[in-house]
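**Student:** One structure follows; several queries about it will come next.
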Amino acid sequence: MSYPNLLQPLDLGFTQLKNRVLMGSMHTGLEEEKDGFSKLAQFYKERAEGGVGLIVTGGISPNFRGRLAPNASQLSYSWQVKKHKLVTDAVHSAGGKICMQILHAGRYGYHPLAVGPSKVKSPISPFTPSPLSSRQIHKTIKHYGRAAKLAQQAGYDGVELMGSEGYLINQFICNRTNKRNDQWGGSLENRCRLAVDVVNAVREQVGTDFIIIFRLSMLDLVENGSTWDEVVQLAKWLESAGVSIINTGIGWHEARIPTIATSVPRAAFSWVTEKMKQEVSVPLIATNRINTPEIAENIIASGQADMVSMARPFLADPNFVQKAENDEAQLINTCIGCNQACLDHTFKLKRATCLVNPRACYETELNITLTTNQKKLAVIGAGPAGIAFAMSAKQRGHEVVLFEQKNEIGGQFNLARKIPGKEEFNETIRYFHEMIKKLNIELKLNTQFEPKMVKENGFDEVILSSGVVPRQLTIDGIDHNKVSDYQQVLNGEVELGESIAIIGAGGIGFDVAHFIAENDSITLDQNKWLDNWGIDKNYKNAGGLDDNEPVHQRDKKIYLMQRKTSKMGKGLGKTTGWIHRSVLKQHGVINMSGVNYEKVDDQGLHIKVGDKSEILAVDNVVVCAGQESNRKLLDALQATAVPVHMIGGVDIAAEVDAKRAIRQGVELALEI
């Protein structure tokens, strides 16, 4: 067995978990959809069938005021039990175990009835919370107990109490948000009273043979957060109160430090769980950016934690554990931490899914069935869209030939993986390679497809997935030797000087600026990354923040420009855009909006902003002004009289959108 520590059982006394893998809590959006719990049941069932030791659901509120949004899920009444039983029955039928997370949003509630310990508004919500009275607090504690009892009646094996990430319990714990001077505020004991009383109330309701996980904020990453001594003391009180497991929480949602995005190093925070291992004996779970069985095995084997929590990796691949057990880790569809289809969807109140696995949360809707009409299909272009189509079509029983004019597969992912902090895209390309091999898909690299090949090879239909080409500008001097496009820069075809102007501030412009500014990716060096974001592993200060100002590398002068007058990076990901803006600020990148580009000559780039003309004396001008569909084959293919389908960038080039491209490839394969 390749992962003996990860795959060994964990004995909790009254029950045993079959391995050390927790599928961490994720809100999918199915919780609020019509018939969503039936879909949710299949979603969790497939993860249980895939071998995960214990599943935790998305957050369910114990009462109305604790909801994350007005229509968010709540478990307070016996009539609500029935739909939850759909989930627990499905998981148990697959031999799995599942806990329901109880989450009270507190001041993070996105509605005017939000409450908190004090009248302290959150920077990420427009609503100021009403302070809970002592009577309301006692009622809330009872509501936690009631929700846990109902969860038990619904068949859950336990509950997870959300005490981290800046939600209600965490808000009471910290001076940052708790300004009370009664028995619920002031001293540490008073501030932790809610957390301990909730555990006691839950245990009283559910008895001894029921899992209680407490998600403890071990590292707040905000000013006036908890000190390490306070975190340890609370952990000891929780252990005495009878929690079964303590899960690690990292960072409040309002923290200005990334904690789960792809640019965060793998297992970047397992050290804080290891630190707690020296203080308590209750089993501990390490979390955040653990996405391979090798990383997970090392955490358990080295004694940093007793379990590992992986949430989004189970969106990417429901069979993660099973593949590890079968020594097929190379076949795991690895989570790349992009946030584009999971968290970005959640914060837009859309159903979550996964960029690399569009079936996630669509298990009852996107299913690969064998075709009764086998066809021979030519796929032109081995980027994400073409490969996604080829894999799904092959699984349906079609004969597929995949053509790629370059000497490697991956398309735009080969550029993305060169950006500092986006090295995870290597994993998707590795997965593509392995699946092409496993499915025995005929792959022809270094092959320029010609329309005559349709008839010569007897193809029934053609799928054009030839991607995009950079859009060129039509300004004077665009052919000057100072000018290059983003692909040339990322492919190392251009020697850059000390000053660079980047035309275009979309996602590609931001990526290119980061690529130029950061010579060595700090994502690959955990200690450098922690220093860069001001995180102190010694935990000398509250919240785990370092009091020394980080020193950022600034080797080049970089201008990032756009014609629009709107906010720079407005179109970036909802949950990651702020990270990209912060990184460029760290590197001293100069942002310019409302720019008109006039010409390029030996002096540099001539621009006009408003009424002011200016010459930027730059060594290089990099064009990131979008892209155009690569349709040079389209007319000739359509003339062959066989059906031609376009997917990915060749269909829509407005943005390089891998999420749409992969989904489009899968959906077409299910229809064809």
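The values are calculated or read from the model by the stated rules, or taken from the named source; none is laboratory data. These figures come from a predicted structure and were not determined experimentally. Cβ: placed from backbone, ideal geometry, glycine included. Neighbour counts: every protein chain shown.
**Student:** I'd like to verify a number: residues in the range 80-95 that are of a type in the set (Gly, Ala, Ser) and crowded, with 24+ Cβ neighbours inside 10 Å, how many? Working first, answer last.
**Tutor:** The initial filter retains those residues of the range 80-95 that are of a type in the set (Gly, Ala, Ser), namely 90, 93-95.
Still in the running and crowded, with 24+ Cβ neighbours inside 10 Å: none.
Selection size over the range 80-95: 0.
**Student:** Check every one of the strands (runs of 3 or more DSSP E) wholly within the range 391-493 and list those with 3 or more residues that are at pLDDT 95 or above and of a type outside the set (Phe, Trp, Tyr).
**Tutor:** 399-403, 442-444, 461-464, 483-485
**Student:** Let me ask something else. Select from the range 198-238 the residues that are in a loop (DSSP other than H, G, I, E, B), of a type outside the set (Asp, Glu) and under 31 Å from the mean Cα position of the chain (by Cα) and list them in ascending order.
**Tutor:** 210, 221, 222, 224, 225, 226, 227 - these are the residues of the range 198-238 that are in a loop (DSSP other than H, G, I, E, B), of a type outside the set (Asp, Glu) and under 31 Å from the mean Cα position of the chain (by Cα).
**Student:** For residues in the range 456-479 being more than 21 Å from residue 390 (Cβ to Cβ) and out of contact with any Phe, Trp or Tyr (no Cβ under 7 Å at 6 or more places or on another chain), which is surrounded by the most Cβ atoms within 10 Å (Cβ to Cβ)?
**Tutor:** 477
**Student:** Only one residue in 564, 556, 570 is basic (Lys, Arg), out of contact with any Leu (no Cβ under 8 Å at 6 or more places or on another chain) and touching a residue at least 12 places away in the same chain (Cβ under 8 Å). Which one?
**Tutor:** 564
**Student:** Right, next: Name the single residue that is farthest from residue 515 (Cα to Cα) among those in the range 543-562 being modelled with pLDDT of 95 or more and over 27 Å from the mean Cα position of the chain (by Cα).
**Tutor:** So the residue we want is 562.
**Student:** When the range 8-24 is examined, which residues are found to be touching a residue at least 60 places away in the same chain (Cβ under 8 Å) and in a strand (DSSP E or B)?
**Tutor:** 10, 17, 21, 22, 23, listed by residue number.
**Student:** Using the structure shown, decide if residue 112 is out of contact with any Phe, Trp or Tyr (no Cβ under 6 Å at 6 or more places or on another chain) and surrounded by fewer than 20 Cβ atoms within 10 Å (Cβ to Cβ).
**Tutor:** No; evaluated as a whole, the condition is false for this residue.
**Student:** Any idea which of (1) of a type in the set (A, V, I, L, M); (2) assigned to a loop (DSSP other than H, G, I, E, B); (3) under 34 Å from the mean Cα position of the chain (by Cα) is the one residue 642 doesn't satisfy?
**Tutor:** (3)
**Student:** Then there's this: Among the numbered conditions (1) hydrophobic (A, V, I, L, M, F, W, C); (2) modelled with pLDDT of 95 or more; (3) under 24 Å from residue 73 (Cα atoms); (4) in contact with an Asp or Glu (Cβ under 9 Å, 6 or more places away or on another chain), tell me where residue 188 comes up short.
**Tutor:** Result: residue 188 fails condition (3) only.
**Student:** How many of the residues in the range 365-417 are closer than 15 Å to residue 440 by Cα and of a type in the set (D, E, K, R)?
**Tutor:** 4
**Student:** So which residues in the range 625-641 are touching a strand residue (DSSP E or B) at 6+ places or on another chain (Cβ under 7 Å) and either surrounded by 19 or more Cβ atoms within 10 Å (Cβ to Cβ) or polar (S, T, N, Q) (or both)?
**Tutor:** 625, 627, 629, 630, 633, 637, 638
**Student:** Cβ contacts < 6 Å: first residue touching a residue at least 12 places away in the same chain (Cβ under 8 Å) and assigned by TED's automatic domain parsing to the domain that holds residue 165, restricted to the range 212-237; second residue surrounded by 18 or more Cβ atoms within 10 Å (Cβ to Cβ) and among the aromatic types (Phe, Trp, Tyr), any location; separation 6+ or different chain. Result?
**Tutor:** Matching pairs, first to second residue: 220/252; 222/252; 228/539.
**Student:** Can you find a residue in the range 94-104 that is in the same structural domain as residue 310 (by TED's automatic domain parsing) and over 26 Å from the mean Cα position of the chain (by Cα)?
**Tutor:** yes
**Student:** Sort through 567, 537 and tell me the only one that's in a loop (DSSP other than H, G, I, E, B), closer than 19 Å to residue 219 by Cβ and not assigned by TED's automatic domain parsing to the domain that holds residue 258.
**Tutor:** Answer to the check: 537.
**Student:** Related question: Assuming residue 414 fulfils every condition listed in (1) surrounded by fewer than 22 Cβ atoms within 10 Å (Cβ to Cβ); (2) closer than 18 Å to residue 657 by Cβ; (3) in contact (Cβ under 8 Å) with a residue 40 or more places away in the chain apart from one, which condition is it?
**Tutor:** Going through (1) surrounded by fewer than 22 Cβ atoms within 10 Å (Cβ to Cβ); (2) closer than 18 Å to residue 657 by Cβ; (3) in contact (Cβ under 8 Å) with a residue 40 or more places away in the chain one by one, residue 414 breaks only (3).
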